[in-house]
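What follows is a set of notes on a single structure, which appears directly below.
The values are calculated or read from the model by the stated rules, or taken from the named source; none is laboratory data. Not measured: the values here are computed from a predicted model. We place every Cβ from the backbone using ideal geometry, glycine too, and count neighbours over all the protein chains shown. Side chains are part of the model used for accessible areas, which takes the heavy atoms of the whole protein and leaves out ligands, DNA and RNA. Shrake-Rupley method; radii C 1.70, N 1.55, O 1.52, S 1.80 Å.
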Amino acid sequence: MSDLPFKDNTFNIVSGFETTYFWPDLVNDFREIHRVLKKDGVIFICNGDKKDENLMDRLGDVVNLGHDSIIRKRIT
């Protein structure tokens, strides 16, 4: 995730399901996803926190991506 082989502003949406457990640097990896998104693009990540109990700690409160932020929401 840290070095995606795509040009800037390539995708309208980037999605990931049950993958963040394998991302060694979440903040950098989300920045890389943001780089390949088109303006007004969407990042959709679905992750079960039971498998990655430290996900929220690894992500931090907010990942700042310039003018955008990632909104975290726990679905119960």
Solvent-accessible area of D25 with every protein chain in place, 1.4 Å probe, in Å² to the nearest 10: 70 Å²
Point-to-point label distance, F22-D40, nm (Cα→Cβ direction, 7 Å offset): 3.3 nm
